[in-house]
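Here's the structure, in structure tokens; my notes come after.
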Amino acid sequence: MTSKTKEQYYPGSILPSRTLNWLNLNDTNSYYDPKRDQAPYKDWVLGPEGKERNISQDLDPDLEELLMKGSHGISPQILEENRDKCNLQDYALMDEAHFNRFDLPLKEGQAQLIDRHQIRVKEGRRAVAMFDLHAEDGVAGYRNGTITIDLPEDALLHLVILDRLNDATTNNLSIVANLADGAVLYVSHVEKGGGKSNFNFGCDMPGFESLLDISTAFLGEGKGDLDLYYDVNQIAPYTDVKIVANGALLDESRKNFRGTIDFKEGSYGAVGDEASYTILMNDKVKDLAIPILLCHEDDVVGNHAASAGQLDEDMLFYVQTRGIPRKEAEGMIVEARMVPTLDRIPDPDLRESLQKQIHERIVQR
Amino acid sequence: MPKDRKRIEQFLPYIANGHPLTDEEIEFRRQEEKEARDHRKKYDDFKPRKKSQIEDMERGVYDLKNKFEYEYKTETGLNEEIVREISAEKEEPDWVLQKRLDALKVFQKSKNPTWGPDLSAVDMNKISAYVRPKAQKARDWKDVPDEIRDTFDKLGIPEAELDYLSGVGAQYDSEIVYHKMKDYLLESGVVYTDFESAVREYPDIVKKYFGKLITPQLHRYAALHYAVWSGGSFVYVPKGVKLDVPLQSYFRLNAPGAGQFEHTLIIVEDDAAVHFIEGCSAPKYNTLNLHAGAVEIYVGKNAKMRFSTIENWSRNMYNLNTKRARVEEGGKIEWISGSFGSALSMLYPASILVGEGASSDFTGITFAGHGQYLDTGAQAIHLAPNTKSNIDSKSISKGGGVSNYRGTVVIGKNAAGSKSNTNCESLMLDADSRTDTIPGITIDNEDVDLGHEAKIGKIDEDAVFYLMARGIPEKEAEAMIVRGFAEPVARELPMEYAVEMNNLINLELEGAIG
């Protein structure tokens, strides 16, 4: 799992509150390579066409500081690599109904993406940003991405992250967010395709009544290794956090849910929920979870849950009695787990195609 | 009040569909929201949720101090010379001394853990590893020296012995001073004696099991334990013997600046059953006191073992105890654990389920008051098919105390058909305190049914009613339906002085998180 012999092991996403070392839950392999070269990345699309937007190649220094000087991000080395070898960067100041859709392919000729995005939504405005990373078959890709988000008062951002990897791709994604009074951040996140993926989500909530809702749907395939790391600091009163990871593991994949919700002193009235639900579809998969609740404030509501098991036989039987073959039924049930996240994707065609891909993958296993 | 999720989720898909609102309308909407929120901020009338109120534990009797008189005491610190001294004082055979020296080497190379509370204050140079009180081991309570007997009398031990227990062991500082067993037990072949005697009288059994479940390599304080262990109990229950009254040991540390390193080894053979109760306390001093004991339990095929502890060490104690049980096919272990005392505790009773159908049930209460840091939890390690584990833990913190739950559930490759359920509740009684829940779960086999308080959907009310109509209490009925298994267990302790703890176990913690 972690090779400490030949290659040097660079730990990433270290838990803010660590635990027993032999559980191997304290950190993840960040796949950092000091010898990695800079590479060009030219072919990508910002859609949808015709949408007016305010986006520039010059990064905002405040958001830079939020990313580099804060306590979030996969690791200092990964953040430095992201800054020094960046081949795609932008700062978007989003207004009402703006929709920035980044289509980021990894293919022959551009297998390395080191992207640095900054998003700020104007006060009281609501916007959508989507980052669709997809790797073509056979391409050994590497992605090191950061997305820094600043939401001032009453701003709302719907962030959609699609990581559609292949078996040979490595993905490091660090998201850092800061929510002011009344700000709302919805994250819809889909992980599939195998490959090694480190998803690191760090958020500070100094905003009174700010809200964070993360819905992750994952499908572990091949020898995929997925690390889902969430670190949320609920600082102000009445903050509301909900983190749900729902999905299935096939083949020999592995997934690690490491969520931390920290109720800081003074966050009275706060609500924080985190849950990880996994369907295990093969005896070689490995599911790990450590949903941590840290609490320094007595008048809060904190819930955590983790559940893992096989497909419900009763449910399968019920569906089969309606004439649906078993594999189809299995596909339907796994898909049903992931639909709450998929339904949030703002593009209906993309949503349908993803649902179909997931369904086919289960039916043909 | 927080934002309205339902409304947001309704318009979420339509944000990008263009905006019919003008800039002025958007500004107006924003001003409205901001004003409403500023108003809420200004006139914030937050009503704290209803919470169960729990009073501080009365230490009273536990804090009695006796004049410190001893027969023999080692110097503070730890080195080979001291270990040899201890061994010589106890007149131990060579193999025991060798084990001590091997463990000492491991200890000297070891380091404190990189997680959990800060253990840098635990300095062996401030601790005297071995203190022998002025008392020879007595079989008759009358023969125990007055002061010592007095202390235990006040704690209610011998009285309880007459009424409830099969046998009692009382350890004062580093030595067992009283060990008695009801005669009928002797006839059925049950062995309940102090550990030193066991080493002398049953060396074959002891050699086979001692130090094999908890090894010096496990962690630093296990290594320390094996270097300087003294006292403790040895229990051997032969095949098929079912004890219907509990055995009890009580450890009391009286000497300031001393360490308590008792070793308890319990072997329950196939088809046997026993309930073992352990109580620990020490009065408060201003010096450092360390408890690094070890409990090794072997549960045979289809055997049943219940291990109840009340740890009520004084508020200057560092309690770094290790408890581990190995459960064979069809065997069952029940842990009932109450942690109230000590300045700092790190205690994680572990059940290792190696036989098919083995099961483990853990009920724990931790109460941390002012100046206490209690990091406790439970471990369930499933290494065989169709094993079951259930963990029920309550952590309470008050007045600046820190009470953490650190749980571990491991489902190994060969543990197909296993089920595991964890329920952890944490109650903070004020904002000065702190309580963290850190449950670690690793699963290596697909055929498993694991829930960490995950109630998937609503529980069918009709099914709950059906079960309750058959006399099953509501909580148990719910557990049965959610996870498909649950054995109603009477989790009470038979002791009078354990009344408080029983109350806490049964208390439904309102206002808890987790």
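The values are calculated or read from the model by the stated rules, or taken from the named source; none is laboratory data. This is a predicted model, so every value here is computed, not measured. Cβ coordinates were reconstructed from backbone atoms using ideal geometry, including for glycine residues, and neighbour counts include every protein chain displayed.
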Name the single residue, out of those in the stretch A:24-45 being among the aliphatic types (A, V, I, L, M) and exposed (fewer than 15 other Cβ atoms within 10 Å of the Cβ), that is farthest from the other protein chains (Cβ to nearest Cβ). A:Ala39
Which one of the conditions (1) surrounded by 13 or more Cβ atoms within 10 Å (Cβ to Cβ); (2) within 14 Å of another protein chain (Cβ to nearest Cβ); (3) under 30 Å from A:Pro346 (Cβ atoms) does A:Glu64 fail to meet, given that it meets all the rest? (2)
Considering the stretch B:315-329, residues that are within 11 Å of the chain's Cα centre (by Cα) and of a type in the set (Lys, Arg), and then whichever is surrounded by the fewest Cβ atoms within 10 Å (Cβ to Cβ), we arrive at B:Arg324
Are any residues in the stretch A:179-224 hydroxyl-bearing (Ser, Thr, Tyr), part of a strand (DSSP E or B) and within 11 Å of chain B (Cβ to nearest Cβ), and if so, which ones? A:Tyr186, A:Ser188, A:Ser215
Breaking point among (1) more than 22 Å from A:Arg18 (Cβ to Cβ); (2) modelled with pLDDT under 90; (3) not in a helix (DSSP H, G or I); (4) not charged (D, E, K, R), for B:Thr435: (1)
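Residues are listed down the side, and each one gets a yes or a no for (1) within 30 Å of A:His98 (Cα to Cα); (2) within 9 Å of chain A (Cβ to nearest Cβ); (3) modelled with pLDDT of 90 or more:
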site	(1), (2), (3)
B:His19	yes, yes, no
B:Thr22	yes, no, no
B:Asp44	no, yes, no
B:Arg49	no, yes, no
B:Glu58	no, no, no
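Matching residues to (1) within 13 Å of chain A (Cβ to nearest Cβ); (2) touching a residue at least 12 places away in the same chain (Cβ under 8 Å); (3) in a strand (DSSP E or B); (4) more than 21 Å from B:Leu347 (Cβ to Cβ):
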site: B:Asp361; (1), (2), (3), (4): no, yes, yes, no
site: B:Phe367; (1), (2), (3), (4): no, yes, yes, no
site: B:Asn386; (1), (2), (3), (4): no, yes, no, yes
site: B:Asn404; (1), (2), (3), (4): yes, yes, yes, no
site: B:Thr408; (1), (2), (3), (4): yes, yes, yes, no
site: B:Lys413; (1), (2), (3), (4): yes, yes, no, yes
site: B:Asp449; (1), (2), (3), (4): yes, yes, yes, yes
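Any chance the stretch B:297-306 includes a residue that's over 30 Å from B:Gly330 (Cα atoms) and at pLDDT 90 or above? Talk me through it step by step, then tell me what you get.
Kept after step one, since they are over 30 Å from B:Gly330 (Cα atoms), are these residues of the stretch B:297-306: none.
No - not one qualifying residue is present in the stretch B:297-306.
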Suppose we filter the stretch A:267-286 for residues that are at the interface with chain B (Cβ under 8 Å from one of its Cβ atoms) and farther than 28 Å from A:Leu311 by Cα; how many remain? 3
Scan the stretch A:289-299 for residues that are out of contact with any Gly (no Cβ under 7 Å at 6 or more places or on another chain) and either surrounded by fewer than 24 Cβ atoms within 10 Å (Cβ to Cβ) or more than 7 Å from chain B (Cβ to nearest Cβ) (or both) and report the count. 2
Filter the stretch B:182-207 for residues that are farther than 11 Å from B:Val235 by Cα and surrounded by 18 or more Cβ atoms within 10 Å (Cβ to Cβ); which is modelled with the highest pLDDT? B:Val199
Residue under question is A:Ala127, and the condition is that it be within 10 Å of another protein chain (Cβ to nearest Cβ), small (Gly, Ala, Ser) and in a strand (DSSP E or B); does it hold? yes
Only one of (1) under 22 Å from A:Thr216 (Cα atoms); (2) more than 18 Å from the chain's Cα centre (by Cα); (3) within 10 Å of chain B (Cβ to nearest Cβ) is not met by A:His158, so which one is it? (2)
